[in-house]
Amino acid sequence: MKEERTIILHYHLFKNAGTSVDAILKENFPGRWVTREFPMNGGNNTGMVEEWIRETPEAVAYSSHTMVGPIPQMDGIRVISFMLLRDPIERIKSAYRFERKQEADTWGARLAKEHDFEGYVRARLARPGDRQCRDFQTARLASLTPGPEPELARARKSLEALSVVGLVNDLSGAMDRLADLYFEHGEDFGQTDVRANTSSAGSGDTLSPDLVELLRENNANDLQLFDRMT
């Protein structure tokens with residue numbers, strides 16, 4: 001009987017310490033960490049992700065910003081799924097700081113350079129379909145559990161479906177849980193403390209009461225999910 005293969009699938013959410021996670025995985029699985037991005041494909045690109053996993057039998061750790069749709073279920077392959085969540089307002093602040101200094105000609109980067117934090121938030125909220133400042137984490141979680149239920153209900157189900165869900169402010173604890181789970185089915189990997197792609201606080205962190213209310217209103221579901229994890 002062929003031995004079952006075990007992989008780690010890292011759902012790398014923007015500005016949720018994913019670069020630090022990837023640095024840890026790359027260090028522990030040299031030559032066996034891979035990354036790829038996918039078209040959103042109407043909110044479900046699971047088939048593309050599964051094909052990627054099949055095409056790379058030597059890989060152990062997989063990471064992508066753009067995986068959406070149900071968590072892959074594949075014969076002969078055990079998938080350990082991993083995601084970090086963050087206080088949504090802190091995540092949006094971090095996204096603004098990152099895009100403000102980013103050397104890129106994307107709409108978000110231009111917007112951040114042209115506006116203060118409040119202007120950036122209001123412009124993104126006014127843009128149809130833009131989830132960067134509106135329950136971003138809920139939307140990504142909900143994509144893992146398609147169906148007719150409200151987005152928050154599906155996101156809660158996805159929290160249970162993921163193998164390991166951690167918090168950015170407890171990265172070490174999350175990585176310890178991931179390492180323990182992987183060790184049950186594969187080889188050990190050493191815990192390292194790596195911080196990468198971080199952005200320090202700046203003047204954009206000064207929020208007016210109206211802006212705080214606006215952010216909390218548009219991220220009420222994300223705040224519920226974050227509170228549930230703390």
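The values are calculated or read from the model by the stated rules, or taken from the named source; none is laboratory data. Keep in mind that what you see is a predicted model, and the values were worked out from it rather than measured. Glycine also receives a Cβ, built like all others from the backbone with ideal geometry; neighbour counts cover every protein chain displayed.
None of ALA174, ALA155, ALA179 is buried (at least 16 other Cβ atoms within 10 Å of the Cβ) and touching an Asp or Glu at 6+ places or on another chain (Cβ under 8 Å) except ALA179. Please give the number of the condition ALA109 fails out of (1) over 18 Å from LEU225 (Cα atoms); (2) among the aliphatic types (A, V, I, L, M); (3) surrounded by 20 or more Cβ atoms within 10 Å (Cβ to Cβ). Tallying (1) over 18 Å from LEU225 (Cα atoms); (2) among the aliphatic types (A, V, I, L, M); (3) surrounded by 20 or more Cβ atoms within 10 Å (Cβ to Cβ), ALA109 fails exactly one: (3).
Within the stretch 203-229, residues that are within 24 Å of ALA155 (Cα to Cα) and charged (D, E, K, R) have Cβ atoms under 7 Å from residues that are assigned to a helix (DSSP H, G or I) and modelled with pLDDT of 95 or more in these pairs: ARG216/LEU223; ASP222/PRO88; ASP222/PHE136; ASP222/GLN137; ASP222/THR138, counting only partners at least 6 apart in sequence or on another chain. Filtering the stretch 34-90 to residues that are of a type in the set (Asp, Glu) and either in contact with a strand residue (DSSP E or B) (Cβ under 8 Å, 6 or more places away or on another chain) or part of a loop (DSSP other than H, G, I, E, B) (or both) leaves GLU37, GLU50, GLU58, ASP75, ASP87. A Cβ distance below 9 Å, combined with a sequence gap of six or more or placement on separate chains, defines the contacts here; from the stretch 3-25, residues that are surrounded by fewer than 20 Cβ atoms within 10 Å (Cβ to Cβ) reach residues that are among the aromatic types (Phe, Trp, Tyr) in the pairs THR6/TYR182; LEU13/PHE136; PHE14/PHE98; PHE14/PHE136; ASP22/TRP33.
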